[in-house]
Structures are given as structure tokens and as C-alpha cells.
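For reference, the structure is listed below as C-alpha cells.
The values are calculated or read from the model by the stated rules, or taken from the named source; none is laboratory data. Quantities reported herein were computed from a predicted structural model and do not represent experimental measurements. Methodologically, a virtual Cβ is constructed for each residue, glycine included, from the backbone with ideal geometry; neighbour enumeration extends over all protein chains shown. Ligands, DNA and RNA are excluded from the accessible area calculation, which covers all protein heavy atoms including side chains. Shrake-Rupley method; radii C 1.70, N 1.55, O 1.52, S 1.80 Å.
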Amino acid sequence: MALKVIALQLLASLAAFLPTTIPANLSYPAVFNFGDSNSDTGGLNAGIAFPIKRFCNGYLIIDYLMNEMDLPFLNPYLDSVGAPSFQTGCNFATGGSTVLPANAALISPFSFGIQVAQFGRFKAKALELLSKDKKLQNVLPFEDYFKQGLYTFDVGQNDLDGAFSLKSEDQVVALIPSIMTEFETGIQKLYNQGARNFWIHNTGPLGCLPRIIATFGKNPSQLDQFGCVASHNRAATAFNAQLRDLCFKFQRKFPEANVTYINIYKIKLDLITNYAQYGFKQGIAACCGYGGLPLNFDNRINCGETKNLNGTLVTATPCTNPEEYVNWDGSHYTRAANQYVSTQILTGNFSETLDIFQY
């Protein structure tokens, strides 16, 4: 009997450390977001005067999550024009950002480590100003918001993307542990500054982007059964496996943290491969591009540009029916796709948490 009791206690203890699917119950006073173009609400535009404010034809996933919490859309940390309010959070994400430190070849100098440093300055300056003038509570977060708020992350895609331009698949996969180390360093710094609620998106199916297919998928043998570049999706899958392990390792190391891991890859791959079931007519082709189906993408010209190609002046124009497309410009998703992904996130079916206090 004693052995049976001990066995049951052991099973309960182990179960407490198993990831569980949870419904998304988003109720936070503020959100602090870190990432790349998938959640950039104007940071790169403000930071380096990049001509595009949002890499989409409308709302991003982060916008829909903010709306779910009944909070205003996030203003970029780098945008000072118009006296933006940061009372309910701040967005540090910038298009082109990587987890690893940026180099001169990258479009964005604001890598994850820089974004974390920016948060540190933001918090210190906000608390300093609030201590001097309580009226600033209308535009800056209360001190408690920094601990009670949600810290959201969607970053890493550009590390893999950029690495493939110089490295083999094996070399890209070998790079992933160093990306994880840098990411863990960043979220631990945030934890040390009071962050407790971590909402971490994994990376999407990189190999299904029209830009990647146009570059690396010219040989049909490089494509999988869905028409996506197999090597890039394998690397993304390896990245996500290590990210998931990191999330649960971090939760065990810091029991006061609440870490939620979101399987964005699974949602997006399902959308791309079963697009017709969800009301879309194009799963891979870009809405805003040039060249026509099946990809409607040409590496020589970006969405909205007009260029002379082979002696002919052409323009990469948006499609007339973006609601029917999953992909916007060859690298990013349409507003309609972002809305669909958000609804799936909010079901909780693609979220995992590690509740060490469950038993």
C-alpha cells in the first residue's frame, strides 16, 4: 500500500512538470512586445525612416491580441512623434531584427539584446518621470504594470532566414543553440527587471514563404509535398523544438514565471496547406508582387515598387482581393491571415504552459 501511495505521488509530481494545453485567458494591464516584422507596429519606420510602417495590408497578430485584451494598439518605443501613449505597454519590435547581435549587413540594428536594453531604459525613465509628475500616469505604465504585464515575443525567423544565405542546412541547425543562448539571456534580464508573464511564439514555416520558394525552390526536389522548401521548414522545426525546451527549462528555473509557448508554426502550416477550408483562395502566392501565379513573386522587385525589368517598366501591385490570400508580399502575411491565426491562438489549442504548482 505504501509503495502504491509513493508511486501515485511520484506520478503526480511528474505530471506537474508536463506541458499542458490551456485556453488563452488574456487579461493584463499592459503588454511589452519584442520581435521582428511579424509584430512591428512602426518601429523600423521610426528608427531608420524605413518607408513601410507595417509589413502587412492591415492588422498584425499583436494587434488582434491587444484588441482581445481591450487595450489600445501598441506604440513603438522608437516613435516620439505625436506624443504617443505608453500607459498600457510598449512595442520594441522592429522589422528585420534578429535574436543574435546585428551586423552591418542587416536592415535593422535593433537585435533582441538591444530591444531588451531599450526596455530597461524605458522602465527606468518611466518610473523616474512618474516619481516627479503623477500626471504622467496618463501616458506611462504604473509601476505594478511592469510585473503584472504580459511580455510577448515573436523573433528568430530572421536568424534562420539570413543564415541560409551563407550556410548549409546542417550549419544553420548548428547555429540554433547560440540563438537559444542569446534569447535565454534576454528573457532572464527581463525577469530580473520584474517580468513574470512570458508569451512566446515559435517561428512559422519559413520554407512556405514565396520569397524563399523563389530563391531556394527552383529545383522541385527541394520542395516538400506542400510545395514548400523542405530544408527551411526542417530548420524551423528544429528551432522550435529547442525553443520549446528552453521555455520549460526557464519555467523550472524560475517558478515565479508564467511561461506560455505558442505553436505558431502548426497554425500557419495548417492554414497554408488547407487554405480553402478557411475561406482563402491562395495559400502560398503573394497578393502584392509581380510575376503571376503560382508565386506572384520576383526577387528583383518589392511590393509597391516600380522598376525596369528586362527593358520593361513594371510595378509590383497589390491584388484586388487580399482577403483571399494568406501571403501579403512574399515574406509576410495578410491581415485576413493574421486574423485567422489570432483566432486559433485564442482557442488555447496551440498553447502550452508548465504549471509546477498544479499539484
TODO: Please list, in chain and number order, the residues 5+ apart from VAL31 or on another chain whose amide H is under 5 Å from its amide H, with Hs placed from the backbone.
DONE: GLY89, CYS90, LEU150
Task: GLN277 paired with ASN25, simple spin-label distance in nm, labels 7 Å along Cα-to-beta-carbon - done: 2.9 nm
Open item on the list: If you take every residue apart from GLY120 with its C-beta less than 14 Å away from the C-beta of GLY120, what net charge results, scoring Lys and Arg +1 and Asp and Glu -1?
Closed with: +3
Task: Solvent-accessible surface (1.4 angstrom probe) belonging to ARG121, in square angstrom, nearest 10 - done: 140 Å²
Task: Relative contact order (%) - criterion: Cα under 8 Å, at least six apart; region: the chain - done: 20 percent
Task: Sequence-distant residues sharing a close amide H with THR260 (under 5 Å, placed H) - done: PHE198, TRP199, ILE200
TODO: Give the residue from MET180, ILE200, PRO141 lying farthest towards the positive end of the charge dipole for segment 28-274; charges sit on Cβ (+1 for Lys and Arg, -1 for Asp and Glu) and the dipole is referred to the Cα centre.
DONE: PRO141
TODO: For segment 295-359, go through all pairs of different Cα atoms, get the mean of 1/r, take its inverse, and jot down that Kirkwood value in Å.
DONE: 15.0 Å
Task: Lone cysteines, the chain (no partner Cβ under 4.7 Å) - done: CYS56, CYS90, CYS247
Task: Angstrom value of the Kirkwood radius, inverse mean 1/r, which spans all Cα pairs in segment 13-160 - done: 16.2 Å
Task: Furthest towards positive pole of dipole, CYS228, LEU246, GLY283, structure part the chain, Cβ charges - done: LEU246
- [ ] Could you tell me which of the pairs LYS125/LYS189; LYS189/LYS249; LYS125/LYS147; LYS53/LYS147 are separated by over 23 angstrom between their Cα atoms in the structure shown?
- [x] LYS53/LYS147
Task: Stokes-Einstein D (µm²/s) once Rh is taken as the Kirkwood radius of segment 201-304 over alpha-carbon pairs, at 20 °C in 1.002 mPa s - done: 140 µm²/s
Task: Whole-percent carbon and sulfur share, accessible surface of segment 28-274, 1.4 Å - done: 52 percent
Task: Accessible area (Å², per residue) of the chain, counting only protein heavy atoms and a probe of 1.4 Å - done: 46 Å²
Open item on the list: Can you compute the helix-only [θ] at 222 nm over the chain? Use -39500 (n - 2.57) per DSSP H run of at least 4 residues, normalise by all residues, nearest 500 deg cm²/dmol.
Closed with: -12500 deg cm²/dmol
Task: Within the chain: Cβ-based charge dipole about Cα centre, in debye rounded to nearest 20 (Lys, Arg +1; Asp, Glu -1) - done: 360 debye
